[in-house]
1. Do any helices (runs of 4 or more DSSP H) entirely within region 1-86 hold 3 or more residues that are of a type in the set (D, E), out of contact with any strand residue (DSSP E or B) (no Cβ under 8 Å at 6 or more places or on another chain) and surrounded by fewer than 21 Cβ atoms within 10 Å (Cβ to Cβ), and if so, which?
2. Which of the following residues is among the hydrophobic types (A, V, I, L, M, F, W, C) and part of a helix (DSSP H, G or I): L189, L147?
3. Which of (1) open to solvent by 60 Å² or more (accessible area, probe 1.4 Å); (2) modelled with pLDDT of 85 or more; (3) not basic (K, R) is the odd one out, the single condition E318 does not satisfy?
4. Tally up the residues in region 87-101 that are out of contact with any Pro (no Cβ under 9 Å at 6 or more places or on another chain) and either part of a strand (DSSP E or B) or free of Cβ contacts under 8 Å to residues at least 12 places away in the same chain (or both), please.
5. Mind counting the residues in region 182-205 that are farther than 26 Å from R149 by Cα and either in contact (Cβ under 8 Å) with a residue 60 or more places away in the chain or surrounded by 17 or more Cβ atoms within 10 Å (Cβ to Cβ) (or both)?
6. Can you confirm whether region 164-181 contains a residue that is surrounded by fewer than 17 Cβ atoms within 10 Å (Cβ to Cβ) and among the hydroxyl-bearing types (S, T, Y)?
7. When region 17-48 is examined, which residues are found to be more than 25 Å from G144 (Cβ to Cβ) and either free of Cβ contacts under 8 Å to residues at least 24 places away in the same chain or under 21 Å from the mean Cα position of the chain (by Cα) (or both)?
8. Based on what the data block shows, is V126 within 22 Å of the chain's Cα centre (by Cα), open to solvent by less than 50 Å² (accessible area, probe 1.4 Å) and β-branched (V, I, T)?
Amino acid sequence: EDEIIASWDSDIDKPVVSISCITYNHESYIEDALEGLLMQETSISFEILIHDDASTDKTTEIIKEYEECYPRLIKPVYQKENQFSKGVVVNSVNLRKAKGEYIAMCHGDDYWTDSNKLQKQLEMMVAHKVGISGHPVSEIDQEGNFLNRVTGYQVKEVTHLDSVALIRKKGNMLPFGSIMIDEKAKKDLVDHMPPVLFHTGVQLLGAIRNGLLILPDVMGVYRTGVPGSTTELMLKNSKQIAQITVRRVSSIKALRGLYSSDVSLELDRLLARQFVSSHSLKSSDYRDSVMKAILTGESFFRKIKLMFLIVMELLFYEKIKMLIKSIF
C-alpha cells in the first residue's frame, strides 16, 4: 500500500479518481479484478470502492482479506440483502460515496491489464474536456482463456466522437469495465438513473455534454458467459427479453427529455430499433408490448413519425436478412 501511495502527488484523502467495482458471487474472479486495480502506476491519488451485493460464495471473504492489506485504498460496502434483485441501480451506491473528480468503472468478473490505464485515460479526458471515455477490451471465457476477439468500438488513435455517433451505435460503444466519467457525468447518473437505465444509459448520459472519447489501447478484459451475470439474469427467455426491451424504451424516452432537440430524430430512430430487436420474439404479445411502450404517451404526429421509422427499420432489417441468405 505504501509503495502505491508513494508515487502520488495528490492527497490520499482527496482522491482524483474513485474506482467503482460492482461484484456479486465472483469468488473465482474478484482477485484478478482487484489486482488489476492495485497495479495502477500513476501520479494521481485514487480510492477503490467495492460494492458487494450480498454475495453467497467466498467473494466477501476475499474482499475483506484485501481490505486488511490495503485499508487506506479499499473501501467496501457489504450488503446484507441483494440490492439488484430489488431493482436498485447498484452503481449509484458507489457513485454517491465517491470522492474523486473522476470515476473509473469495472465489474468484479472483469479486470484491467494495463498498469497505466488510469493515468492515460485521465490525461486524455482532461485534454479533450469530455464527460466520458473508454477503450476496447479483450474477451475471455469463464476459465480465463482468451477468445482472440476484442469488444468495444475500435479506433487507430484517440478519437473524440459526438453523441449522435453513440446513439447510432444504439448507445453501446464502451465496454463497462473501460468507462471513466467526470464529476458532472456522475451527477447526471445519480440524478437520472432511474428512469434512465442499463449500461447504454451510462454511456448516453455521459455523452450528453460533449460527446465521448475513445482510446485505441486494449487495456482490460471482459469475461463472457459468467453464471449469474447481469446479462444472463436479465435475458433468460423471450418474456424477460420483452420486459427488458420495454424498460429500454422508457429509458430512451427519458434520455430524449434530457438531450437537446437536435438529436431527437436519432433517439426516435433508436426507439424504432427497439421494436426491430423484438421482431424475432416468437410471441406476438411480446412484440405488441414493445410497440405499445413505444407509442404510449406520444402525440398523434409523433406516433405517425415513429410508425414510419419502424417501417423503415423493418425494411432495412429484411434486406439485411435477404443479403445474408444470399451469401450463405
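1. 59-69
2. L189
3. (2)
4. Here the count works out to 1.
5. 13
6. No - not one qualifying residue is present in region 164-181.
7. V17, S18, F46, E47 - these are the residues of region 17-48 that are more than 25 Å from G144 (Cβ to Cβ) and either free of Cβ contacts under 8 Å to residues at least 24 places away in the same chain or under 21 Å from the mean Cα position of the chain (by Cα) (or both).
8. no
The values are calculated or read from the model by the stated rules, or taken from the named source; none is laboratory data. In this text the structure is predicted, and so the values were computed from the model without any measurement. Note that we place each Cβ from the backbone using ideal geometry, even for glycine, and neighbour counts take in every protein chain shown. Note: areas computed on protein heavy atoms with side chains; ligands, DNA, RNA excluded. Shrake-Rupley method; radii C 1.70, N 1.55, O 1.52, S 1.80 Å.
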